[in-house]
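Just so it is clear, none of the values below were taken in a lab; they were calculated from the coordinates. What you see is a predicted model; the values in this text were computed from it and never measured. Cβ coordinates were reconstructed from backbone atoms using ideal geometry, including for glycine residues, and neighbour counts include every protein chain displayed.
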Ligand code: KG4
Ligand code: ZN
């Protein structure tokens, strides 16, 4: 079964072709990072226009890359949310056009389910059930993946997402967009214990709920403090201490879930923030301590890509069949 997958929810336009849901025959990712970096974050209107500029070319090039003709396709999978509505609509419109003209079934896919499925692409032996932490620029979910198409969210954030906090702090410290990789790099030269930034909602009764906005405020206040004293910001120490606070919170809540569900012997990390090496190391150590197998995709499958959407779409199609052609973009779609 050949699936053509399209992703355009934020600032990456991506096209992939998969065989039987898990084998990537070809994938292309066109990043808009340089178009948004000058503004310090993603500008939705620019994102939509850039998707529109590249989508047709990328579709042709993606099929060529995979060595597949459009008439050979069996399924079209496209991100329907969450994301920027104008950006989503570009991918959805292209996908619907191909589906309609060629009479190929289409599935509208949840982007966050796609992130979870990135692990299936990287680890052919991986099967549900497992526990999962999905950390992206817009969302933070701790969940139980019961089956290929059944997810139970046990915790999410009440304010900023983990990736969002990296991006905002990066802007404050002057590293620019996207924040995650830049903070990680700067942190390599810093002391993670230099500042004791807050770890929010760590009480037992806070369960699996996350909050990162207090941490963000604490880092901003510290930066102002240095500015008022006319002293240069200890950038590396601030980056390292901030990153450590995020890693500590994510690892603690993930560990709580592992302790609460000891029968689950697999844990999968995914989403853009999953590319963070200190986070990977801390979670892996927490898993190893508990005899739980740890999975994370390579960095290229952590950040946004169409292959993960194709994989999620394939399993969704097996479980629930095709979407009707009039499905809408859903910017706020939950996991
Ligand atoms: O999943 P993703 O590509 O897009 C969304 O669905 O949002 O995630 C992007 C997020 C951004 O916030 C970015 O700063 C963060 O992932 N990120 C990282 C790293 N690489 C990307 N955060 C921490 N460390 C990284 N190495
Ligand atoms: Zn994403």
Exercise. Being surrounded by fewer than 16 Cβ atoms within 10 Å (Cβ to Cβ), assigned to a strand (DSSP E or B) and over 19 Å from the mean Cα position of the chain (by Cα) is the filter here, so list the residues in segment 16-43 that pass it.
Key: 23
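Picking from 237, 248, which residue would you name as being in contact (Cβ under 8 Å) with a residue 40 or more places away in the chain, surrounded by fewer than 18 Cβ atoms within 10 Å (Cβ to Cβ) and assigned to a helix (DSSP H, G or I)?
Working: 237 fails: surrounded by fewer than 18 Cβ atoms within 10 Å (Cβ to Cβ).
Result of the check over 237, 248: 248.
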Exercise. Enumerate the strands (runs of 3 or more DSSP E) found wholly within segment 74-183, keeping only those where 1 or more residues are under 15 Å from the mean Cα position of the chain (by Cα) and surrounded by 24 or more Cβ atoms within 10 Å (Cβ to Cβ).
Key: 75-81, 106-110, 130-135, 140-147
Quiz item: Can you find a residue in segment 291-299 that is in a loop (DSSP other than H, G, I, E, B), in contact with a strand residue (DSSP E or B) (Cβ under 7 Å, 6 or more places away or on another chain), within 16 Å of ligand 2 (Cβ to nearest atom) and more than 20 Å from residue 83 (Cα to Cα)?
Solution: yes
Quiz item: Given the conditions (1) touching a helix residue (DSSP H, G or I) at 6+ places or on another chain (Cβ under 8 Å); (2) part of a helix (DSSP H, G or I); (3) surrounded by fewer than 19 Cβ atoms within 10 Å (Cβ to Cβ), which single one is not true for residue 202?
Solution: (2)
Self-check item: Complete set of residues in segment 280-290 that are without any contact (Cβ under 8 Å) to a residue 60 or more places away in the chain, in a helix (DSSP H, G or I) and either buried (at least 19 other Cβ atoms within 10 Å of the Cβ) or touching a helix residue (DSSP H, G or I) at 6+ places or on another chain (Cβ under 9 Å) (or both)
Solution: 280, 281, 282, 285, 286, 287, 289
